[in-house]
Every structure is written in C-alpha cells, then in structure tokens.
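Data first, discussion second: the structure below is written as structure tokens.
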Ligand SMILES: Cc1ncc(COP(=O)(O)O)c(C=O)c1O
C-alpha cells in the first residue's frame with residue numbers, strides 16, 4: 001500500500017499524459033507558450049478567481065505574492081502556528097515578522113478568535129493556510145482584515161478544489177496561492193504552483209514579477225525573479241485537471257469510509273458547516289501516536305506526521321518569537337496528529353485494512 005499512489009494515477013491517464021509531454025517536446029516551446037495560457041484560463045475557470053498565474057512552486061507563489069504586496073522589513077504578518085513552514089518562512093525571507101496565532105481544535109486552521117489580539121500598528125496582512133484540504137474560516141478572516149485595513153492571502157497549497165460556502169478555495173481572498181507538488185491533490189511531475197486574484201492590477205504586477213519584473217522583452221519595471229512553471233508541467237496539469245473533480249469525489253468517498261469505520265473510536269477530522277474538503281490529508285488525533293505509527297509501519301501501512309514541530313518552536317523563527325507566547329492547540333496537535341493513506345485511487349479494501357489495523361492497535 002502507498003501513502004499516495006501516483007503510479008495508479010499515471011496508469012489511468014498514461015496515454016493522454018504521454019501525448020501531452022510529447023507534444024511539448026515536439027513544439028520545443030519549453031518555456032511559456034500556449035499550454036501555459038490555456039492552463040491559466042482553465043485554472044481561473046475551475047477556481048472561480050478572475051486571474052490564475054502559474055509559477056515555479058507553491059513557495060514561489062507565496063514569494064511572488066508578498067513581493068506584489070510590497071512587504072517590507074519589520075512588517076508584521078499574521079500566520080498560523082501549525083502548518084508547513086513555507087508561508088511563514090517567505091515572510092521571514094523579506095525580513096518581515098511572522099506573528100504566530102494558535103489554531104482551532106475543530107478545523108486545525110488559524111483560530112479566528114485569536115487573531116485580533118495579535119494585530120499591532122505594524123501588522124500588514126494575514127496569511128490563512130487551508131490545512132489538510134479544508135479552507136480556513138475565510139469570511140471571518142476577511143472581515144477582520146477589512147476592519148484593520150489588512151490584506152489576506154489564502155495559502156491553498158493543500159486545498160485547491162475545496163469549497164467554502166459555495167465558492168472554491170483560491171477565489172475568496174485578495175490573493176491565494178497553491179502548489180502543484182506531485183503529492184498535492186492536483187500535482188504535476190515536478191515543482192509547480194499558481195497564484196490567484198480577482199484584482200487585475202495585482203495580477204498584472206505578479207505576471208511581471210514572475211519574469212524579472214519585465215513589462216516587455218528586456219524592459220524591466222520591477223525587480224523580480226524567474227518564477228515560471230515549465231511548459232511540460234503545464235501540459236501534464238491540463239490533463240489531470242480534466243479528471244480533478246472526479247478525483248476529489250473519490251477522495252471524499254475514501255474519507256467518508258474512514259469516518260464510517262472509525263467514528264467513535266478515535267478523534268477524527270471535522271469539516272465545518274458550509275465547507276467541503278479535498279482531503280489532501282486524512283489526519284486523525286491519537287494519544288499514543290508514535291507507538292501506533294510504529295505498529296502500522298510493521299503492517300506495511302505508511303503514515304505521516306504533518307507536522308511534528310510547531311512553527312514557533314522551529315529554530316529558523318527563534319528571533320521572531322515572544323517568550324510568553326503559548327500555542328496550546330498547535331502543541332497538542334504536533335504531539336498527536338497522524339495522517340493515514342488517502343488518494344483518489346485508494347481501494348475500499350485498503351481503507352478497511354488501515355481502519356481495522358488502527359482499531360486493533362488501539363486496543364492491543
Ligand atoms: C501549506 C503549504 N504551503 C506551501 C507549500 C509549498 O509548496 P511547494 O512545495 O510547491 O513549494 C506547501 C507544500 O508542501 C504546503 O503544504
């Protein structure tokens with residue numbers, strides 16, 4: 001059993017993916033070209049955002065977004081204490097300060113009731129990570145941002161395709177970013193990412209920043225980076241995007257089966273009302289997590305810990321942390337979370353085997 005079976009997925013679409021790769025090679029348009037334009041318009045259609053701008057990774061999507069928003073040294077940016085490092089580390093990359101906020105024990109996303117107490121005159125924006133495939137409480141976050149004149153970025157690296165009160169992830173905030181890292185719900189065969197916005201001025205600026213701030217060939221308006229996605233990756237993503245809705249449904253069916261089999265036996269992920277997860281991860285909470293993980297490994301069941309160390313405890317952020325800050329929920333999650341295998345091609349038998357083994361292990 002695989003944690004995320006990309007072989008099965010490739011077999012399902014092999015003819016189309018091989019043809020798409022061959023077609024780019026034959027065209028020799030390895031950078032930019034029509035595939036990129038088509039993918040960007042398909043991503044915008046799918047997400048409901050006005051503009052989708054592809055780029056080289058989910059990390060570069062955050063880097064470019066913060067560049068477009070003109071983040072300056074000493075600016076304070078609100079970030080969740082429990083997440084992958086990329087969003088907070090890109091803030092630090094600009095010598096701005098990530099100000100960590102604890103997360104909610106319900107959806108594991110930033111706790112919206114704890115944001116306002118961290119806002120100061122230096123605060124410029126909020127980065128809301130939509131963790132494990134479920135959107136953060138974006139309406140509440142947008143309302144707080146409006147009250148204090150802040151911008152909002154949704155880091156939708158794990159939530160592209162998710163639904164929040166009728167809208168798709170990546171269409172709801174000033175800017176949103178996603179990752180096409182191979183293991184993501186929509187993944188390519190290398191690194192890739194995208195930025196989404198409804199603001200045409202910002203979209204224009206981000207497009208320039210992605211190509212060394214270039215207005216037209218060799219005329220540069222801004223300092224930027226080379227942050228483009230490869231055209232071969234775009235061609236692969238266009239094939240996968242056609243099947244993405246179906247894959248989301250299959251992930252949701254697998255999550256539903258886990259719920260049926262495990263409900264009442266351990267702490268399961270909860271999806272808030274009005275939201276639909278894409279189940280980038282199926283993450284449960286277990287008191288004796290490390291021992292149970294070991295037991296599952298012995299049965300050849302792969303699991304993963306997202307994430308074992310909270311961000312404020314990472315050495316990389318030690319200059320940004322106030323000594324008396326506490327992150328009770330984030331700390332508890334870092335000690336108890338365990339992600340079980342989930343992907344669009346997992347079989348019922350596999351979900352049943354994982355669930356049965358986990359229950360037996362709990363009582364053994
Ligand atoms: C929440 C989150 N943000 C950002 C990223 C960074 O994406 P990438 O690996 O494409 O740079 C990831 C990827 O793991 C992620 O999970």
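Every read-out reported here was derived from the displayed coordinates using simple, explicitly stated rules and does not represent laboratory data. Because the structure is a prediction, the values reported are computed rather than measured. Backbone-built Cβ (ideal geometry, glycine too); neighbour counts: all protein chains shown.
Things to note:
- FRET efficiency for residue 221 and residue 42, using Cβ-Cβ distance with R0 set to 30 Å, rounded to 0.05: 0.60
- Spin-label pair residue 309/residue 114, simplified geometry with 7 Å Cα→Cβ offset, distance in nm: 2.0
- For the chain, the share of DSSP beta bridges that are antiparallel, to the nearest 5, is 60%.
- Result for the chain in a Gaussian network model with C-alpha springs under 10 Å: among 342, 229, 271, the largest mean-square fluctuation is at 271.
- Among 90, 208, 67, the order by Cβ neighbours within 10 angstrom, fewest to most, reads 208, 67, 90.
- Here the relative contact order of the range 245-363, from alpha carbon pairs under 8 Å that lie six or more residues apart, stands at 41 percent.
- Per-residue ellipticity at 222 nm from helix content only, as computed over the chain with -39500 (n - 2.57) for each DSSP H run of at least four residues, stands at -12500 deg cm²/dmol.
- Order of 130, 11 under a 10 Å beta carbon neighbour criterion, fewest first: 11, 130
- Gaussian network model of the chain, Cα within-10 Å springs - most flexible of 101, 354, 278: 354
- Relative contact order computed over the chain (Cα-Cα under 8 Å; 6+ residues apart), in percent: 22
- Between residue 323 and residue 204, full extension at 0.36 nm per residue minus the direct alpha carbon distance yields a gain of 38.7 nm.
- For the chain, a Gaussian network of Cα nodes joined below 10 Å ranks 287, 245, 273 by mean-square fluctuation, and the top entry is 273.
- Modelled FRET efficiency - R0 22 Å, residue 359 with residue 290, Cβ distances, 0.05 increments: 0.75
- R0 of 35 Å, Cβ-Cβ distance residue 14-residue 261: FRET efficiency to nearest 0.05: 0.65
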